[in-house]
Protein chains: 2
Amino acid sequence: MMRVTVLGGGSWGTTVATLAARRNDTVLWARDEDTAAEITRDHRNSKYLPGFDLPPGLRATSDLEEACHDTDVLVVGIPSKAFAQVCSDASEVVRPWIPVVSLTKGFEAGTSRRMTELAQEAFPGNPVAALTGPNIAREVIAGQAAAAVIAAADEAVASRLQQLFQSTRFRVYRNHDVIGSELGGALKNVIAIATGIGQGLGVGDNTRAMVMTRGLAELTRLGIAMGGEAATFGGLAGMGDLLATCLSPHSRNRTVGEQLGRGEPLDDVLGGMTQTVEGVRTAATVHTLARELSVPVPICDAIHSVLQGESSVADAYRGLTPAGHEGHVD
Amino acid sequence: MMRVTVLGGGSWGTTVATLAARRNDTVLWARDEDTAAEITRDHRNSKYLPGFDLPPGLRATSDLEEACHDTDVLVVGIPSKAFAQVCSDASEVVRPWIPVVSLTKGFEAGTSRRMTELAQEAFPGNPVAALTGPNIAREVIAGQAAAAVIAAADEAVASRLQQLFQSTRFRVYRNHDVIGSELGGALKNVIAIATGIGQGLGVGDNTRAMVMTRGLAELTRLGIAMGGEAATFGGLAGMGDLLATCLSPHSRNRTVGEQLGRGEPLDDVLGGMTQTVEGVRTAATVHTLARELSVPVPICDAIHSVLQGESSVADAYRGLTPAGHEGHVD
């Protein structure tokens, strides 16, 4: 039994707290006092996970020091925009040596840094890890079978964290490739927007399959150039997460794409979301990184162009089926 | 302008004949006289492509010699069960040197040989090729954007065939890896049955994504052991075809899986199909090949076991989420 703290009362943070609470003394930190009070009192998070009962043992608080000061494992499910600040605040009070696990799939705006890089900066002496993979929150909390990846450089840390989150319905696999695992989760959101746009435009399954396939090839190329390993992008943290996000009606990134594909204006679409849509920010980061690293990313570039208001969704989609040959013809 | 003959009046053979007929003198051979007569007279194939108009220039016949004797390109879209026999019959009448293109995604029962191997045996002096990829027939014939792969060892042959089938709505990419391209198309049908079973059982998108991801890893391992190249399985002929088949409501293999997942008996399910379901036969071939080559294929084995009546769909699915780690932990 460990003491586990999850920072972030969104749908995934709450779900991961629920997983941890099965065998651990778990506390959730939510910035919003009402959300924290509702979780502790009613065992509900009606804003982000309406209709689901949370475990009675799961407590929540909006007091960061109270949440963190004596925890054994710190799990951070804060949107990329606020991730570094919350880590910095928490670092004032947590104990040394404890592992810090990121749940967030995105980049720091401006710097293009990954979330575990931000965590490592805030907690220089602590091991960092990422929990990622094909995990639609409401399916996991409903107890449907799913698998995830715990990525950590240190095998012993990965093993302990694996046991912490693992259950018969939620299988956790280890991967030493932290960079690749984290990038798979972040980059796939841009391809999910592209797939959603296709659905909104009414393209067929052949075209959707083509965009997802060429999209994975694109993010694999970029991910390898950034230091990830090819095998990671073919696994649960890459292809698996991409597919779940592209298939699920509950994916925020895919939904944003679908609304854009149907012709709704970007501002209306984003204004209507209650949670952060990381892929919108990630598209700009990918555009910059790909240029710096000289990696061609035509699908991500097309999505960036749509999100910047520089091209229509129909024009962007027409450009996604280039002629030529598939790559490795002699 | 070339003379093109397509053998096989099923949905995909008819669709490919339609693509070829745009710029070539094209004839379709259908075993069934009524189908041939309807295509020539009414420009319809109401049995396999109900509701679609075929090009007026496309002729059909049930006379194999008439269809083949002066053709410049022979395209074979015959189910795996009859593929070798029809090739053998056609080889009596076709001219030398002409390329033979397989459309069929399966293996010869008993011998586990690929379709281009059968074609090469029947036409020892002719170049052989395979046209494959994410191609749901009714989307392609409806003019929705799609991409395919023409796989041939000889680059010049591949280029000519690429031009033959290519259009702005149907992009054709070349690949020299005939073995990998052909295996991707054949092996993915077993994973499509697995995905369909999951849908029939009502599993979530996380689980479907997991089965598709681990399924692609499985068929990639087996395909490499059989001589294919890893990159091919990550491209349109592997992942692309797998996704289109798993996504489309029109896939026969996925549909068979879905009916099994809902608890319908295998005999009823297969008896109700008007077209060949290659994946059912391929599951047995994969089971044999994987054992010979010592490649672990737990998903394909589980599907084979269901199709042999040896385990229930629920038991098979429970077995598809093994514990452990994802592969490349040191």
I'm told A:ALA192 meets every condition in (1) open to solvent by less than 10 Å² (accessible area, probe 1.4 Å); (2) touching a Ser or Thr at 6+ places or on another chain (Cβ under 6 Å); (3) not polar (S, T, N, Q); (4) not in a helix (DSSP H, G or I) except one. Can you identify the failing condition by its number? (4)
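Residue by residue, here is whether (1) touching a residue at least 60 places away in the same chain (Cβ under 8 Å); (2) among the acidic types (Asp, Glu) holds:
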residue	(1), (2)
A:GLY261	yes, no
A:GLU264	no, yes
A:GLN275	yes, no
A:GLU278	yes, yes
A:THR282	yes, no
A:ARG291	no, no
A:VAL295	yes, no
Please determine whether any residue of segment B:2-19 is open to solvent by 60 Å² or more (accessible area, probe 1.4 Å) and touching a Gly at 6+ places or on another chain (Cβ under 9 Å). no
Scan of segment A:236-260 for residues that are of a type in the set (Gly, Ala, Ser) and either under 27 Å from A:GLY202 (Cβ atoms) or open to solvent by 10 Å² or more (accessible area, probe 1.4 Å) (or both), ordered by number: A:GLY240, A:ALA244, A:SER248, A:SER251, A:GLY257
Taking A:ILE179, is it open to solvent by 30 Å² or more (accessible area, probe 1.4 Å), in a helix (DSSP H, G or I), in contact with a Gly (Cβ under 7 Å, 6 or more places away or on another chain) and farther than 30 Å from B:ARG169 by Cβ? yes
Suppose we keep only residues that are open to solvent by less than 10 Å² (accessible area, probe 1.4 Å) and more than 13 Å from chain B (Cβ to nearest Cβ) within segment A:195-206. Which one would you say is farthest from the chain's Cα centre (by Cα)? A:ILE197
Checklist (1) away from chain B (no Cβ under 14 Å); (2) small (Gly, Ala, Ser); (3) surrounded by fewer than 24 Cβ atoms within 10 Å (Cβ to Cβ); (4) in a helix (DSSP H, G or I) applied to A:ALA90, failing item: (3)
Any idea which of (1) open to solvent by less than 10 Å² (accessible area, probe 1.4 Å); (2) closer than 30 Å to A:ILE141 by Cα; (3) not hydroxyl-bearing (Ser, Thr, Tyr) is the one B:GLY185 doesn't satisfy? (2)
Here are some conditions: (1) in a strand (DSSP E or B); (2) open to solvent by 50 Å² or more (accessible area, probe 1.4 Å); (3) not basic (Lys, Arg). A:PRO50 meets all but one. Which one does it not meet? (1)
Residue that is facing chain B (nearest Cβ under 9 Å), in contact (Cβ under 8 Å) with a residue 12 or more places away in the chain, closer than 27 Å to B:GLY234 by Cα and within 17 Å of the chain's Cα centre (by Cα), where the choices are A:ALA192, A:ALA152, A:ALA186, A:ALA146: A:ALA146
Between a residue in segment A:111-136 that is within 14 Å of chain B (Cβ to nearest Cβ) and any residue that is open to solvent by 30 Å² or more (accessible area, probe 1.4 Å) and of a type in the set (D, E, K, R), which pairs come within a Cβ distance under 8 Å, given they are 6 or more apart or on different chains? A:THR132/A:LYS105
Please determine whether any residue of segment A:318-326 is away from every other protein chain (no Cβ under 14 Å), in contact (Cβ under 8 Å) with a residue 60 or more places away in the chain and open to solvent by less than 50 Å² (accessible area, probe 1.4 Å). no
Is it the case that B:VAL73 is open to solvent by less than 50 Å² (accessible area, probe 1.4 Å) and in contact with a Lys or Arg (Cβ under 6 Å, 6 or more places away or on another chain)? no
Grab the helices (runs of 4 or more DSSP H) fully contained in segment B:207-269, keeping just those with 2 or more residues being within 12 Å of chain A (Cβ to nearest Cβ). B:230-234, B:241-247
For segment B:263-299, what are the residues that are of a type in the set (Asp, Glu) and loosely packed, with under 13 Cβ neighbours inside 10 Å? B:ASP267, B:ASP268, B:GLU292
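The values are calculated or read from the model by the stated rules, or taken from the named source; none is laboratory data. Quick caveat: nothing in here was measured; it's all calculated off a predicted structure. Positions of Cβ are backbone-derived with ideal geometry, glycine not excepted, and every protein chain shown enters the neighbour counts. The protein model used for the area step is the full one, side chains on, heavy atoms only, and it has no ligands, DNA or RNA in it. Shrake-Rupley method; radii C 1.70, N 1.55, O 1.52, S 1.80 Å.
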